[in-house]
Amino acid sequence: MTMDDATLDDADAAPDDADAALDGNAIAGLLASVFGTDMTMAVGTCGSCGAVSVVAELAVYRPGLGTVVRCRSCQSVLMVFVSVRGTTCVDLMGLASMS
Ligand SMILES: [Zn+2]
């Protein structure tokens, strides 16, 4: 892989950690700004395998262009957050439900 897509957001991460999974707590602030409330204890259901997990325990990747949240059971992408010109675009397509 290349690091061409690295951004200032990666300043505190070593290059080799780019593929390391964080957890949902790492994006608590992002989620709160998008949803207007603390979502870390919200329960999401994977649309692919049906695994149920609180957001705080999901696998979170920040490749630089945005934030990707994956199911820990099947690695399906559950949520994608991309900031474009100050607006955060949210894709929850991979979630069967969230409550
Ligand atoms: Zn899954």
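Per-structure values
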{"read-out": "Residue that is farthest from the ligand (Cβ to nearest atom), among those in the range 22-55 that are under 14 Å from the mean Cα position of the chain (by Cα), farther than 16 Å from C74 by Cα and of a type in the set (S, T, N, Q)", "value": "S33"}
{"read-out": "Extreme residue, nearest to T37 (Cα to Cα), among residues of the range 56-67 that are hydrophobic (A, V, I, L, M, F, W, C) and within 14 Å of the ligand (Cβ to nearest atom)", "value": "L58"}
{"read-out": "Index of the failed condition, C49 passing every other in (1) in a loop (DSSP other than H, G, I, E, B); (2) modelled with pLDDT of 95 or more; (3) surrounded by 15 or more Cβ atoms within 10 Å (Cβ to Cβ)", "value": "(3)"}
{"read-out": "Residue match in the range 31-40 (condition: in contact with a strand residue (DSSP E or B) (Cβ under 6 Å, 6 or more places away or on another chain) and modelled with pLDDT of 95 or more)", "value": "no"}
{"read-out": "Qualifying positions in the range 69-99 - within 14 Å of the ligand (Cβ to nearest atom) and outside any loop (DSSP other than H, G, I, E, B)", "value": "V69, R70, V77, L78, M79, L95, A96, S97, M98"}
{"read-out": "Residue count for the range 52-75, restricted to those that are buried (at least 17 other Cβ atoms within 10 Å of the Cβ) and either touching a Ser or Thr at 6+ places or on another chain (Cβ under 6 Å) or farther than 16 Å from L22 by Cα (or both)", "value": "2"}
{"read-out": "From A56, A6, residue being of a type outside the set (D, E, K, R) and either assigned to a strand (DSSP E or B) or modelled with pLDDT of 95 or more (or both)", "value": "A56"}
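The values are calculated or read from the model by the stated rules, or taken from the named source; none is laboratory data. Every value quoted in this text rests on a predicted model; they were computed, and no experiment measured them. Cβ coordinates were reconstructed from backbone atoms using ideal geometry, including for glycine residues, and neighbour counts include every protein chain displayed.
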